[in-house]
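Have a look at the structure below before the remarks.
The values are calculated or read from the model by the stated rules, or taken from the named source; none is laboratory data. Treat the numbers as computed from the prediction; the structure is a model and nothing was measured. Virtual Cβ from ideal backbone geometry, glycine too; neighbours counted across all protein chains shown.
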Amino acid sequence: MSAAPASPRVVSQLKPGDRTVVIGGGPAGLTAAYLLSKKGYAVTVLEADDIVGGISRTAQYKGYRFDIGGHRFFTKIKPVEDLWYEILGEDFISVPRLSRIHYDGKFFDYPLKAMNALRGLGLWNAITIVLSYLKSHWWPNPVEENFEQWVTNRFGAKLYNIFFKTYTEKVWGIPCTEIRAEWAAQRIQGLSLAKAILSAAAINKRSTKIKTLINEFQYPRLGPGQMWETCVDRIRGMGNQVLLKHYVTAVETVNGKVVAVRAKTAEGEVRFPCEHAINTSSIRSLVRALDPQVPEPVKVAGRGPSSTGTSWWWP
Ligand SMILES: Cc1cc2nc3c(=O)[nH]c(=O)nc-3n(C[C@H](O)[C@H](O)[C@H](O)COP(=O)(O)OP(=O)(O)OC[C@H]3O[C@@H](n4cnc5c(N)ncnc54)[C@H](O)[C@@H]3O)c2cc1C
């Protein structure tokens, strides 16, 4: 049997004494830093903001805590769940789910429940939603590459425009046409208007086990940010650094290997020599930061969607 061909990728092995810089103090960056710290490696996390947690943070104002997004901690992956418990222990509590969209002066269940939505929107809207759904059901868009196409094919254009488009664009800050269909499939797997109606009417109990509709999940007692604030304490407790207000502007490379990361701070630019870097900021800001600069086609790809709008992906 012939040996497998060697991988052309340069894999950089961690050696004792190596320093790693993590760009971004959100869930991904802090988890990476925490796991490396546990193994005894030297890590420095550079976070641009004055608070950790990224979009899973809990902001504090006049002693009150605000979750910028309610975060369900729900996973089927046991090691991930174990890690959350390891960090938060008894502060990780079970809570019943209640998510609602405030639209046109009324509250609507989220994920959408057909009967609740149709009742709240009134008879005329309900009729047009069903007609628009039937149109999409019988004549679906043959191309299903982005969030808009995926949701429209399952819910109809009318319901997509009323709820999914506005909600998703506000929460994620990017047009639905720039979000890949796989993301929608992963988040609202198994849900469609027909299934939701059957579910609401309890007609089809067996076929309506819908992944998004779990009604209890784990939550940090003081909001999702507590997970990441505690994680920072643990990382610092193991002798490593999490530095706030450090905006990474350059990732220096020599012969394709990272040698340092530079960050802008209130006191000026600071350089962090390192053997490894983990990026959790957006791909577009990483590509911009690479020093020396990358070839033009890579820059263009890094800047955003191609003219077909299919190559961009949320970090
Ligand atoms: C409203 C809402 C609800 C959500 N609900 C859930 C949920 O219920 N369950 C769930 O699992 N997920 C949920 N998510 C998704 C979850 O928040 C993200 O998947 C997660 O935060 C991604 O973590 P991250 O570390 O990759 O990125 P981010 O959270 O974006 O963190 C990246 C960090 O990098 C920093 N950064 C960026 N550029 C630089 C730079 N140049 N220099 C230094 N630092 C930089 C940013 O300030 C940020 O702190 C939700 C998201 C939102 C918006």
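Of the residues screened, residue 85 is not one that is aromatic (Phe, Trp, Tyr), closer than 23 Å to residue 244 by Cα and over 15 Å from the mean Cα position of the chain (by Cα).
From the residues in the stretch 248-257 that are surrounded by 15 or more Cβ atoms within 10 Å (Cβ to Cβ) and not β-branched (Val, Ile, Thr), which one is nearest to the chain's Cα centre (by Cα)? Give the derivation first.
Residues of the stretch 248-257 surrounded by 15 or more Cβ atoms within 10 Å (Cβ to Cβ): 248-253.
Keeping just the survivors that are not β-branched (Val, Ile, Thr) gives 250, 252.
Values: 250: 24, 252: 27 Å.
Among those that are surrounded by 15 or more Cβ atoms within 10 Å (Cβ to Cβ) and not β-branched (Val, Ile, Thr), it is 250.
One residue is enough: does the stretch 165-174 have a residue meeting the conditions crowded, with 21+ Cβ neighbours inside 10 Å, within 16 Å of the ligand (Cβ to nearest atom) and in a helix (DSSP H, G or I)?
In the first step, residues of the stretch 165-174 are kept if they are crowded, with 21+ Cβ neighbours inside 10 Å; the result is 168.
Checking the rest, the ones that are also within 16 Å of the ligand (Cβ to nearest atom) come to 168.
So of that shortlist, the ones also in a helix (DSSP H, G or I) come out as 168.
Yes, some residue in the stretch 165-174 is crowded, with 21+ Cβ neighbours inside 10 Å, within 16 Å of the ligand (Cβ to nearest atom) and in a helix (DSSP H, G or I).
Condition check ((1) aliphatic (A, V, I, L, M); (2) more than 11 Å from the ligand (Cβ to nearest atom); (3) more than 13 Å from residue 228 (Cβ to Cβ)) across all residues:
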position: 14; (1), (2), (3): yes, yes, yes
position: 32; (1), (2), (3): yes, no, no
position: 43; (1), (2), (3): yes, yes, yes
position: 49; (1), (2), (3): no, no, no
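Could you tell me whether residue 153 is farther than 17 Å from residue 166 by Cβ, assigned by TED's automatic domain parsing to the domain that holds residue 183, at pLDDT below 95 and surrounded by 16 or more Cβ atoms within 10 Å (Cβ to Cβ)? When the stated conditions are applied, residue 153 passes them.
The one condition from (1) without any contact (Cβ under 8 Å) to a residue 40 or more places away in the chain; (2) farther than 24 Å from residue 15 by Cβ that residue 262 does not meet is (2).
Just name the residue that is nearest to the chain's Cα centre (by Cα) out of those in the stretch 214-247 that are closer than 19 Å to residue 41 by Cβ and of a type in the set (Lys, Arg). Step by step, filter the stretch 214-247, then rank; the result is 234. Only residues that are crowded, with 16+ Cβ neighbours inside 10 Å, within 17 Å of residue 221 (Cβ to Cβ) and more than 7 Å from the ligand (Cβ to nearest atom) were counted across the stretch 68-86, and they come to 1. Scanning the stretch 137-153 for residues that are without any contact (Cβ under 8 Å) to a residue 60 or more places away in the chain and part of a loop (DSSP other than H, G, I, E, B) yields 139, 140, 141, 142, 143, 144. Hey, could you check the stretch 265-274 for residues that are surrounded by fewer than 18 Cβ atoms within 10 Å (Cβ to Cβ) and in contact (Cβ under 8 Å) with a residue 24 or more places away in the chain and say which is farthest from the ligand (Cβ to nearest atom)? Among those residues, the one meeting the criterion is 273.
Annotation note: Cβ proximity below 6 Å between a residue of the stretch 285-313 that is over 24 Å from residue 181 (Cα atoms) and a residue that is modelled with pLDDT under 90 (sequence gap 6+ or interchain) occurs for 287/302. Residue pairs whose Cβ atoms lie under 6 Å apart, separated by 6 or more positions or on different chains, with the first residue in the stretch 60-73 and assigned by TED's automatic domain parsing to the domain that holds residue 225 and in contact (Cβ under 8 Å) with a residue 24 or more places away in the chain and the second assigned to a strand (DSSP E or B) and β-branched (Val, Ile, Thr), are 65/58; 67/58. Looking at the stretch 87-97, can you tell me whether even one residue there is free of Cβ contacts under 8 Å to residues at least 24 places away in the same chain and either within 16 Å of the ligand (Cβ to nearest atom) or closer than 30 Å to residue 36 by Cβ (or both)? There is at least one residue in the stretch 87-97 that is free of Cβ contacts under 8 Å to residues at least 24 places away in the same chain and either within 16 Å of the ligand (Cβ to nearest atom) or closer than 30 Å to residue 36 by Cβ (or both). Contact map, the stretch 28-45: first residue more than 12 Å from residue 87 (Cβ to Cβ), second residue acidic (Asp, Glu), Cβ cut-off under 9 Å, separation 6 or more or different chains; pairs are 29/47; 41/18; 42/18.
Residues that are at pLDDT 95 or above: find the helices (runs of 4 or more DSSP H) completely inside the stretch 199-305 holding 3 or more of those. Give the steps one after another, and end with the answer.
Values: elements: 224-237, 283-289, 296-303.
Because the criterion is at least 3 residues that are at pLDDT 95 or above, the helices (runs of 4 or more DSSP H) in the stretch 199-305 that meet it are 224-237.
Only residues that are surrounded by 10 or more Cβ atoms within 10 Å (Cβ to Cβ) and farther than 14 Å from residue 219 by Cβ were counted across the stretch 88-105, and they come to 4. Could you check the stretch 42-136 for strands (runs of 3 or more DSSP E) lying wholly inside it with 2 or more residues that are closer than 23 Å to residue 215 by Cα? Those strands (runs of 3 or more DSSP E) span 64-67, 92-96, 99-103, 106-110.
Output the residues belonging to the stretch 52-67 that are more than 8 Å from the ligand (Cβ to nearest atom) and either hydrophobic (A, V, I, L, M, F, W, C) or more than 13 Å from residue 230 (Cα to Cα) (or both).
Going through the stretch 52-67, the residues more than 8 Å from the ligand (Cβ to nearest atom) turn out to be 58-67.
Once the filter is applied, which keeps residues that are more than 8 Å from the ligand (Cβ to nearest atom) and either hydrophobic (A, V, I, L, M, F, W, C) or more than 13 Å from residue 230 (Cα to Cα) (or both), the stretch 52-67 yields 59, 60, 61, 62, 63, 64, 65, 66, 67.
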